[in-house]
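Note sheet for the following structure.
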Amino acid sequence: MMQEIEQLGPWFHNLHLPNGEQTAPNHRLGDFPAFKWRELEHAIPADLTGWEVLDIGCNAGFYSIELAKRGANVLGIDVDPHYLRQAAWAAKQFGLEDRIELKQMQVYDVARLDRKFDLIWYMGVLYHLRYPLLSLDILSQKLRKMMVFQTLSMPGTEVAEAPEDFDLNDRQRMLETGWPKMAFIEKKMAGDITNWWAPNHAAIEAMMRSCGLRVIQRPGHEVYLLELDEELQKQQQWNQSEYLSATGQDWTEAVKEKVGDKNQYMVSGDNGKQ
Ligand SMILES: C[S@@+](CC[C@H](N)C(=O)[O-])C[C@H]1O[C@@H](n2cnc3c(N)ncnc32)[C@H](O)[C@@H]1O
């Protein structure tokens with residue numbers, strides 16, 4: 001067993017295997033991600049029987065395994081085949097291979113999955129993306145109940161009230177502490193060139209709202225529990241054609257809805273007369 005663990009390494013998840021062995025006992029973050037799981041496990045229903053779960057960036061499958069243990073059917077996706085090999089092996093060690101399906105996919109590919117999920121597990125991935133808001137738009141379209149989200153973030157928890165509208169010259173307010181902001185990391189953070197973005201708390205809440213999601217709990221540092229909110233969804237300034245284009249789908253019909261009326265207005269309305 002020890003030999004298999006070594007062959008499959010290096011490991012980012014320290015899994016506690018049923019025989020007592022661990023995959024990364026000397027992890028630089030400590031007993032990771034078990035200590036994170038302990039912060040939030042009570043916020044998740046104990047019985048997930050019948051739940052369809054999507055674990056994005058599943059890595060070696062720590063969370064997929066914990067959720068499958070609670071009865072869920074899990075689809076774990078990751079871009080990296082090295083981690084997917086670990087996850088497949090680990091699922092077998094726990095006898096959960098029938099509950100955990102694994103696929104090599106990008107988060108953006110979820111847009112073309114013809115199914116929805118009761119729970120989307122979205123931890124430790126957003127800040128690694130070049131297109132973070134696109135990923136949230138995609139996931140909000142595929143969610144039925146609940147999302148668990150975690151990201152690297154900027155310090156602070158202040159939240160300024162979002163104005164309905166504001167003046168073009170009133171830019172100072174965007175420098176207020178509680179204004180939604182996302183810091184861009186051009187080079188590296190902690191030696192990692194894939195750390196691109198760090199939103200502040202206000203930006204996390206605001207981006208989620210604009211995707212129709214409401215924060216219902218913050219069970220741990222940088223961890224958010226979210227639910228779909230019908231009222232927020234109704235208010236969404238949704239641009240279907242842009243979404244379809246960004247996800248590689250045919251958008252030509254959808255764009256008519258956006259520009260059709262305006263073009264008519266420009267021909268026959270005030271603009272046309274000038
Ligand atoms: C920091 S690890 C987080 C792992 C796990 N979700 C957790 O919270 O412990 C990021 C994981 O996301 C995967 N990943 C990175 N970019 C991705 C993408 N575009 N789509 C899906 N997975 C991605 C990486 O291969 C890696 O396994």
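Data table
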quantity: Residue selected from segment 139-158 under the condition touching an Asp or Glu at 6+ places or on another chain (Cβ under 7 Å) and more than 11 Å from the ligand (Cβ to nearest atom), by the criterion nearest to Thr194 (Cα to Cα); calculated: Ser153
quantity: Test: Leu136 is of a type in the set (A, V, I, L, M, F, W, C), within 16 Å of the ligand (Cβ to nearest atom) and closer than 18 Å to Gln237 by Cβ; calculated: yes
quantity: Wholly within segment 2-117, helices (runs of 4 or more DSSP H) carrying at least 3 residues that are under 28 Å from Leu136 (Cβ atoms); calculated: 34-40, 62-69, 81-93
quantity: Looking only at segment 34-49, and only at residues there that are touching a residue at least 60 places away in the same chain (Cβ under 8 Å) and either surrounded by fewer than 18 Cβ atoms within 10 Å (Cβ to Cβ) or closer than 19 Å to Val125 by Cα (or both), the one that is farthest from the ligand (Cβ to nearest atom); calculated: His42
quantity: Test: residue in segment 205-223 that is polar (S, T, N, Q) and either buried (at least 17 other Cβ atoms within 10 Å of the Cβ) or out of contact with any helix residue (DSSP H, G or I) (no Cβ under 6 Å at 6 or more places or on another chain) (or both); calculated: yes
quantity: Any hit, segment 133-149, residues being loosely packed, with under 12 Cβ neighbours inside 10 Å and in a loop (DSSP other than H, G, I, E, B); calculated: no
quantity: Only listed residue being under 23 Å from Ile77 (Cβ atoms), within 16 Å of the ligand (Cβ to nearest atom) and without any contact (Cβ under 8 Å) to a residue 12 or more places away in the chain, chosen from Ile193, Ile204; calculated: Ile193
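Every residue, every condition in (1) in contact (Cβ under 8 Å) with a residue 60 or more places away in the chain; (2) polar (S, T, N, Q); (3) out of contact with any strand residue (DSSP E or B) (no Cβ under 7 Å at 6 or more places or on another chain), yes or no:
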| site | (1), (2), (3) |
| --- | --- |
| Gly71 | no, no, yes |
| Pro81 | no, no, no |
| Gln106 | no, yes, yes |
| Arg144 | yes, no, no |
| Val148 | yes, no, no |
| Pro163 | no, no, yes |
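Read the figures in this text as sums done on the coordinates, not as results from a lab. Model, not experiment: these values are computed from the prediction. Heads up, the Cβs are rebuilt from the backbone with ideal geometry, glycines too, and the neighbour counts pull from every protein chain shown.
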